[in-house]
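Nothing in this text is a laboratory measurement; each read-out follows from the coordinates by a stated rule. Keep in mind the model is a prediction, meaning the values are calculated, not measured. FYI the Cβ positions are ideal-geometry reconstructions off the backbone, even for glycines, and counts take in every protein chain you see.
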Amino acid sequence: MRLHLISAAALSCVFLLGACERPGSKDEEDESPPIPVETSLPVRGDVYAVYSGTAPIEAYAEADVIAKVAGEIREVLVEEGDDVEEGQILAKLDGDRLRLELNESRARLRKLQRDFDRNRNLKEKGLISEGDFENIQYEMEALQASYNLASLELDYTQIRAPISGVISERYIKLGNTINVGEPVFRVTSIEPLVAYLFVPEREYRQISPGQPVRVDIDALAGAQVFTTVTRVSPSIDPETGTFKVTIEIIDAERRIKPGMFGRINIVYDRHENALQVPRSAIVDEMSTTSVFVVEDNVAIRRPVKTGFSANGLIEIVAGLTDSDNVITVGQVGLKPDAKVTVINAADEGPAGDSQQAEDAVEVDD
């Protein structure tokens with residue numbers, strides 16, 4: 001009797017499990033609702049490729065002004081931030097001793113000049129030998145050199161700018177006594193400024209002088225300066241595998257200071273009237289790049305070949321036409337041939353179809 005009850009209970013469980021595991025009908029699967037998606041038409045516009053890098057902004061030229069003679073600072077004529085021209089007097093030293101030495105040398109030279117003229121007349125009359133006359137001539141030449149040196153040292157008491165630029169640092173104060181070789185000022189040439197970008201050798205054939213450049217300055221809240229490539233080094237550094245690209249920057253407003261950090265974008269290629277879609281439309285699976293397009297409310301997967309990209313758009317080199325309705329939202333996880341419903345109008349392409357050279361551009365691998 002107990003065995004009969006157990007068998008009946010087991011049979012009831014089998015029926016219950018069978019009822020729970022019964023699959024839905026094929027008609028129910030076919031009637032699953034279409035997946036909502038958003039679409040847009042491809043657009044056409046110019047797209048640019050750039051090499052991007054970073055580099056500090058530097059002064060084109062910079063020089064420490066060094067004292068060439070010792071002395072006391074009697075006058076300071078410029079301050080930090082002042083513009084100066086090459087040869088302009090920046091400060092004056094005490095030159096009393098050197099001035100006296102110059103006067104003494106001048107007096108001795110005048111005396112010897114009179115002796116030389118008198119002995120030249122005697123030589124013409126044959127009253128002195130050729131050797132005696134040459135000795136007097138050599139002595140006068142030596143004294144002339146000594147006079148010139150004294151004059152030069154006196155002139156060195158007027159400290160002059162070696163280059164044109166801006167006084168970026170003043171090391172002295174009025175009344176200081178300085179020695180020979182001691183720095184007095186620093187002059188920085190900021191017109192133009194310059195950036196040196198070191199580019200991998202694989203990009204050597206892409207970069208050339210005259211190509212347009214955009215420089216973004218982080219310290220100036222993203223201020224942008226437009227210029228061109230000035231020079232490209234003809235050699236590769238074997239230690240780093242890079243070559244140097246020189247970019248000169250003209251900043252008439254002088255907002256950019258040496259030492260600031262610049263993000264440099266060199267435009268090296270351009271595709272005109274290129275077909276483009278939003279980057280979000282691209283699906284990368286199993287090393288295949290594709291997009292989904294809508295045909296008769298069905299998602300069709302299209303393999304595509306991409307090119308340059310910029311501002312959220314990517315160039316389609318092959319695989320699409322201007323009239324293809326590309327899925328831009330809802331394509332993640334979408335299966336080919338799935339039914340979809342478009343929830344937006346596709347008569348307008350994505351914004352940004354007109355690309356400019358100054359836009360940030362990158363190259364898709």
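Between R97 and R120, the FRET efficiency estimated from the beta carbon spacing at R0 = 41 angstrom works out to 0.75.
Here the label points at K111 and D218, each 7 Å from Cα along the C-beta direction, are separated by 7.1 nm in the simple model. Remark: the L334-V298 segment gains 11.9 nm on full extension, using 0.36 nm per residue and subtracting the alpha carbon distance. Residues whose amide H falls under 5 Å from that of V317, counting only those 5 or more places apart or on a different chain, are K305, T306, G307, with hydrogens built in the peptide plane. Taken along the Cα-to-beta-carbon direction at a fixed 7 Å, the label points for N148 and K173 span 4.1 nm. In order along region 100-117, the Karplus-derived 3J(HN,Hα) couplings, from 6.51 cos²θ - 1.76 cosθ + 1.60 at θ = phi - 60°, round to 5, 4, 5, 4, 4, 5, 5, 5, 5, 5, 5, 4, 5, 5, 5, 5, 5, 4 Hz, and Gly and Pro are given as x. With both labels modelled 7 Å from their Cα along Cα-to-Cβ, the V232 to I35 distance reads 4.5 nm. Here the gap between R74 and K305, fully extended at 0.36 nm per residue and compared with their Cα-Cα distance, gives a gain of 75.7 nm. Shown in residue order for region 209-225 are the 3J(HN,Hα) couplings computed by the Karplus curve 6.51 cos²θ - 1.76 cosθ + 1.60 at θ = phi - 60°: x, x, 5, x, 9, 10, 10, 9, 9, 4, 5, 10, 6, x, 4, 10, 10 Hz (x for Gly and Pro).
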